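The values are calculated or read from the model by the stated rules, or taken from the named source; none is laboratory data. Nothing here was measured: the structure is a model prediction, and the numbers come from that model. Here the Cβ is made from the backbone with ideal geometry for all residues, glycine too, and neighbour counts use every protein chain on show.
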Amino acid sequence: MVDEAQIRSQFPILDQEVHGHPLVYLDSAATAQKPLCVVDAERDFYLHDNAGVHRGAHELAARSTLAFEESRAKVAKLVGAESQDGGEEIVITAGATAALNLLATAFGNATQGRGGKAAQRFALHPGDEIVTSKAEHHSVLLPFQELAYRTSAVLKTFDLDDQGRIMADTADEVITERTKVVAVTHVSNVTGAVTDIAPIVRRAHQVGALVILDICQSVPHLPVDLHGLGVDFAVWSSHKMYGPTGVGFLYGRRELLEALPPASFGGSMVELAYTDRPARYMNPPARFEAGTQPVAQVIGAGVAADWLRAIGMDRIASHEAAITKGLLRLGQLEGVRILGPTSAENRIGTVSFDVKGVHPHDVGQFIDSRGIAIRVGHHCAQPVHRHFGVYASNRASTGVYNTMADTDALLEAVSGVRSFFKAD
Ligand code: PMP
């Protein structure tokens, strides 16, 4: 188990009162709070080393470049994507959303013949299939839906069971010989359910399709081993894994990144540029990192990755499993329905719920008046809400700093909601 007091002492933000109550932060699925070591790393960088990376022959540029590349390697280590030089399979992006748009745009570019013969493995032809699921965040669904429109490919989705889990056991029917791309979430940001990814990867590879895994909601909570999972690409954001905002990551198997055409263009991604003939682009990961990089934030993300590894992802997972059980007691309250698995197995502590007869915004405000931060709305995932027959929900989500007392406070507050709003 983790040492709760020791963990919480690293998050000064948690030590405050909101509306006269001690703050209970249960919105880590939206963004996690930052430990002091991450905040300090950004500050130290600006105080001592600030310079652009990969250019400039001066000492500060050399230090910045070293720290930037070391961070890439630290992040690779956290997700089981170590390679020879530490981080060659990790591309720095502006976030998970940017990483997904990078992939969809690059596949579209390949379809238009960019990237030559090697890139044809990413090209989509009319009638080819892109498979995703009804549990996806819009940042997975929409870039690939748009890609399908651009290429006349067909967008198909995995259905969900009554607990909101992706029905991975239907992989053999959903994924066909026409499937070129499968983009699914590892953990839903609404239901908290962990996807049984193995049958999906097996079937996709059987038909030669590429698998893109959204690991935004698994990386902060569970051990993730990308090489072990065997996926082709993965995307996630730094800010949900206790790192800074403005940074995300794209993992790609080395040979795939080498064949993938670029999706955005500018400085630091080109070897040779001309006005009268095509440019020659750099090798990955630089090919996908046009423009000045968010160096301080990437360094903060590297520190966050090391911080998580130092605590141990297994220990974090078992601590949060206990807190998840505490949150799932919500389902025992009258008029409260959990949207997702009701037992703590194969899920994380992101627990969405509906309070019968009370609009989520009213619930959120009532809870906030007790100093408790949860998220309300559709959480950028409308299809999964439709699956449960609601438009929006309330979502409480854990981080490593949450305690059973936090769940008690939430339960007490939620138990007062229906009588306050006179819901029948
Ligand atoms: N996928 C999932 C499952 C998410 O929870 C989120 C963030 N809510 C994203 C993708 C997008 O991440 P970002 O907004 O950081 O780009």
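Structure values in brief
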item	result
Checklist (1) within 16 Å of the ligand (Cβ to nearest atom); (2) out of contact with any strand residue (DSSP E or B) (no Cβ under 7 Å at 6 or more places or on another chain) applied to residue 27, failing item	(2)
Residue within segment 164-176 that is among the polar types (S, T, N, Q), over 23 Å from residue 227 (Cα atoms) and touching a Ser or Thr at 6+ places or on another chain (Cβ under 9 Å) present	no
Contacts under 6 angstrom Cβ, first residue in segment 260-278 being loosely packed, with under 11 Cβ neighbours inside 10 Å, partner modelled with pLDDT of 95 or more, 6 or more apart	272/280
Within segment 73-100, tally of residues that are within 20 Å of residue 228 (Cβ to Cβ), assigned to a helix (DSSP H, G or I) and in contact with a Gly (Cβ under 7 Å, 6 or more places away or on another chain)	4
Enumeration of residues in segment 55-100 that are of a type in the set (Ser, Thr, Tyr), surrounded by fewer than 21 Cβ atoms within 10 Å (Cβ to Cβ) and more than 15 Å from the ligand (Cβ to nearest atom)	65, 83
Residue match in segment 364-379 (condition: of a type in the set (Asp, Glu), more than 19 Å from residue 323 (Cβ to Cβ) and modelled with pLDDT of 95 or more)	yes
Cβ pairs under 6 Å, 6+ apart, first in segment 12-26 and in contact (Cβ under 8 Å) with a residue 24 or more places away in the chain and in a loop (DSSP other than H, G, I, E, B), second loosely packed, with under 15 Cβ neighbours inside 10 Å and among the polar types (S, T, N, Q)	19/369; 23/16
Count of segment 259-287 residues which are at pLDDT below 95 and of a type in the set (Asp, Glu)	0
Members of segment 113-127 found to be closer than 30 Å to residue 381 by Cα, out of contact with any Ser or Thr (no Cβ under 7 Å at 6 or more places or on another chain) and buried (at least 18 other Cβ atoms within 10 Å of the Cβ), listed by number	122
Subset of segment 41-54 that is more than 24 Å from the chain's Cα centre (by Cα) and of a type in the set (Asp, Glu) - its residue that is farthest from residue 4 (Cα to Cα)	49
Counted residues, segment 96-119 - those being closer than 14 Å to residue 258 by Cα and of a type in the set (Gly, Ala, Ser)	6
Matching residues in segment 235-259 - criterion: being within 11 Å of the ligand (Cβ to nearest atom) and either among the polar types (S, T, N, Q) or surrounded by fewer than 22 Cβ atoms within 10 Å (Cβ to Cβ) (or both)	237, 238, 245, 246
Identity of the residue in segment 101-117, part of a helix (DSSP H, G or I) and of a type in the set (S, T, N, Q), that ends up farthest from the ligand (Cβ to nearest atom)	111
Test: residue in segment 396-413 that is in contact (Cβ under 8 Å) with a residue 12 or more places away in the chain, within 16 Å of the ligand (Cβ to nearest atom), under 20 Å from the mean Cα position of the chain (by Cα) and in a helix (DSSP H, G or I)	no
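Here's the yes/no breakdown for (1) modelled with pLDDT under 95; (2) of a type outside the set (A, V, I, L, M); (3) surrounded by fewer than 17 Cβ atoms within 10 Å (Cβ to Cβ):
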{"site": "7", "(1), (2), (3)": "no, no, no"}
{"site": "11", "(1), (2), (3)": "no, yes, no"}
{"site": "18", "(1), (2), (3)": "no, no, yes"}
{"site": "21", "(1), (2), (3)": "no, yes, yes"}
{"site": "29", "(1), (2), (3)": "no, no, no"}
{"site": "32", "(1), (2), (3)": "no, no, no"}
{"site": "36", "(1), (2), (3)": "no, no, yes"}
{"site": "40", "(1), (2), (3)": "no, yes, yes"}
{"site": "46", "(1), (2), (3)": "no, yes, yes"}
